[in-house]
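The structure appears right after this line, and notes come after that.
The values are calculated or read from the model by the stated rules, or taken from the named source; none is laboratory data. Keep in mind that what you see is a predicted model, and the values were worked out from it rather than measured. Note that we place each Cβ from the backbone using ideal geometry, even for glycine, and neighbour counts take in every protein chain shown. We work out accessible area using only protein heavy atoms, side chains counted, and drop any ligands, DNA or RNA first. Shrake-Rupley method; radii C 1.70, N 1.55, O 1.52, S 1.80 Å.
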Amino acid sequence: MTRRARWADETYQGIVRTGFRVKRRLFKKRSPFQLVEVVETAGHGRLLLIDGMTMVSERDEFVYHEMIAHVPLFVHPRPRRVLVIGGGDGGSVREVLRHAGVERCVLAEIDPVVVEASRRFLPGTASGLSDRRCEVRIGDGVRFVRETAERFDVVIVDSTEPFGPAKELFGPAFYKDVRRILTKDGIVVSQAGSPFYELSTIRNLGRILRPIFPVTDAYLFTNLTYPGGLWAFTFASKGPRPVKDLKPARVRAARLPLRWYAADVHAAAFALPPFVRKALGR
Ligand code: SAM
């Protein structure tokens with residue numbers, strides 16, 4: 001993003017550029033890890049950018065956060081303890097805590113500046129961070145899963161792209177540690193990038209997850225602000241199957257105030273086009 005521009009431009013992989021009309025710049029700070037910015041846009045509400053890449057827009061963040069949280073939480077038979085890695089904006093935590101059965105949600109975020117900026121400028125997204133069931137742990141998520149003695153029913157990897165501080169979150173050692181800290185029916189879902197622009201991320205995560213977990217899959221969602229619009233998550237579990245073990249009656253009974261996630265949207269998200277299925281080795 002250039003300093004005096006009235007547009008916040010995200011250049012992705014040097015081949016495509018998305019611009020958001022800026023009304024006001026609200027926050028800009030370089031942390032030891034990355035450049036964190038919040039701008040007020042003309043059409044997308046407030047936007048959180050990290051190193052010039054769009055992380056959250058107020059207009060459509062519900063899509064990403066509902067899909068990263070409710071898919072594993074409605075597949076798991078009884079999720080009580082949840083770990084979110086990354087996700088310092090708080091959107092994933094907010095969705096996790098909509099589940100009345102969740103007793104504890106730990107957020108392991110490496111960068112306190114992301115949490116600070118989100119609490120100040122994205123209060124609707126960050127609201128869950130103040131819930132008494134949430135513990136914010138500032139530190140490397142890779143180290144947290146390596147060292148923690150806690151066990152979790154669901155792990156949500158809500159990370160930046162696979163470079164910089166997030167690089168190891170896309171490696172096999174990390175996922176072996178995730179398996180160790182997951183309970184019997186444990187599930188892990190991970191942000192897996194754009195199928196159009198970085199199919200290699202889904203392919204690599206698939207290769208890493210298959211030998212570690214008996215159930216692996218991926219699911220898609222569309223959104224407004226990430227390059228290419230179509231985006232992916234991976235799903236891996238110690239047993240629960242992502243579509244067969246979903247109980248639509250349980251989703252209906254929960255009566256959560258959601259705008260994107262629903263049982264039929266959940267099932268449809270796992271219908272993968274052949275080019276994505278092939279990348280997953282299926
Ligand atoms: N929804 C987003 C997206 O895909 O565009 C993800 C947003 S969230 C703000 C990503 C967070 O992951 C960032 O705040 C970043 O600091 C954090 N992160 C990156 N590497 C990490 C690590 N090793 N441990 C914990 N958090 C990490």
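Using modelled backbone amide H atoms (1.01 Å from N, in-plane), which distant-in-sequence or interchain residues come within less than 5 Å of Cys134's amide H?
Cys105
Nearest 20 debye, what's the magnitude of the dipole of the range 4-57 about its Cα centre given +1 on Lys and Arg Cβ and -1 on Asp and Glu Cβ?
The dipole of the range 4-57 has a size of about 320 debye.
At q = 0.16, 0.23 Å⁻¹, what is the base-10 log of I(q)/I(0) for the range 29-72 according to the Debye formula with one equal point scatterer per Cα and no solvent? Please give it to two decimals.
Per q value, in the given order, log10 I(q)/I(0) is -0.50, -0.80.
Once both labels are modelled 7 Å past Cα along the beta-carbon direction, what's the Ala254-Ser200 spacing in nm?
Once both label points are built, they end up 3.5 nm from each other.
Taking square-rooted eigenvalues a ≥ b ≥ c of the alpha carbon gyration tensor, is the chain rounded, prolate or oblate, where a/c under 1.5 means rounded and, failing that, a/b exceeding b/c means prolate?
Since a/c stays below 1.5, the shape of the chain is classed as rounded.
Could you work out [θ]222 nm for the chain from helices alone, using -39500 (n - 2.57) per DSSP H run of at least four and dividing by all its residues? Round to the nearest 500 deg cm²/dmol.
Mean residue ellipticity at 222 nm (helix-derived): -8000 deg cm²/dmol.
Among rounded, prolate and oblate, which fits the range 4-57 when a ≥ b ≥ c are the square roots of the eigenvalues of its C-alpha gyration tensor, a/c under 1.5 means rounded, and a/b larger than b/c means prolate?
Oblate is the answer for the range 4-57, as a/c is 1.5 or above yet b/c matches or exceeds a/b.
Counting alpha carbon pairs within less than 8 Å and at least 6 residues apart, what relative contact order, in whole percent, applies to the range 96-184?
Relative contact order comes out at 28 percent.
Label the range 113-165 by shape, choosing from rounded, prolate and oblate, from the square roots a ≥ b ≥ c of the eigenvalues of the Cα gyration tensor; if a/c is under 1.5 it is rounded, and otherwise prolate applies when a/b is larger than b/c, oblate when it is not.
Since a/c reaches 1.5 but b/c is at least a/b, the shape of the range 113-165 is classed as oblate.
Quick check: Cα centre of the range 108-146 to Cα centre of the range 191-247, how many Å?
23
Heavy-atom accessible area per residue, the range 4-57, 1.4 Å probe: how many Å²?
Spelled out: the 1.4 Å probe surface of the range 4-57, per residue, equals 53 Å².
Where does the charge balance sit around Asp217 when Lys and Arg score +1, Asp and Glu -1, over other residues with C-beta under 13 Å from its C-beta?
+4
Using a Debye calculation, one point per C-alpha and no hydration shell, please list log10 I(q)/I(0) for the range 49-147 at q = 0.13, 0.19 Å⁻¹ in order.
Treating every Cα as an identical point scatterer, log10 I(q)/I(0) equals -0.42, -0.91.
Can you list the lysines whose alpha carbon sits under 28 Å from that of Lys176, skipping same-chain ones fewer than 8 residues off?
Cross-link targets: Lys167, Lys184, Lys238, Lys244, Lys278.
Counting DSSP beta bridges with both partners in the chain, what percentage is antiparallel, nearest 5?
Of all bridge pairs located within the chain, approximately 65 percent are antiparallel.
Quote the relative contact order of the range 93-148 in percent (integer), defining contacts as alpha-carbon pairs under 8 Å separated by 6+ residues.
46
Hey, got the dipole for the range 167-264? About the Cα centre, +1 on K and R Cβ, -1 on D and E Cβ, debye to the nearest 20?
About 380 debye.
Considering only protein heavy atoms and a 1.4 Å probe, what is the carbon-and-sulfur percentage of the accessible area of the chain?
C and S atoms contribute 51 percent here.
Quick one: Karplus J couplings for the range 161-178, per residue in order, coefficients 6.51, -1.76, 1.60, θ = phi - 60°, nearest Hz, x for Gly and Pro?
Computed from phi, the couplings for the range 161-178 are 5, x, 8, x, x, 8, 3, 6, 5, 10, x, x, 4, 4, 6, 5, 5, 4 Hz.
Write down the accessible area per residue of the range 112-240 in Å², having rolled a 1.4 Å probe over the full set of protein chains.
Accessible surface, normalised per residue, equals 39 Å².
Starting from the Cα of Ser31, step 7 Å toward the Cβ, then list every residue of the range 143-162 with an amide N under 14 Å from that point.
Answer for this model: 158-161.
Using a simple spin-label model with points 7 Å from Cα along the Cα→Cβ vector, what separation in nm is obtained for Arg146 and Thr183?
Each label point lies 7 Å from its Cα, and together they span 2.7 nm.
Please compute the contact order of the chain in relative form: average sequence separation of alpha-carbon pairs under 8 Å and at least six residues apart, divided by the residue count, as a percent.
16
Residue by residue, what Karplus-based ³J(HN,Hα) values in Hz, rounded to whole numbers, does the range 78-88 have, using 6.51, -1.76 and 1.60 with θ = phi - 60° and x for Gly and Pro?
7, x, 10, 10, 10, 10, 10, 10, x, x, x
Please list 3J(HN,Hα) in residue order for the range 151-159, calculated via the Karplus relation 6.51 cos²θ - 1.76 cosθ + 1.60 where θ = phi - 60°; whole Hz, with x for glycine and proline.
10, 10, 7, 9, 10, 10, 9, 9, 10
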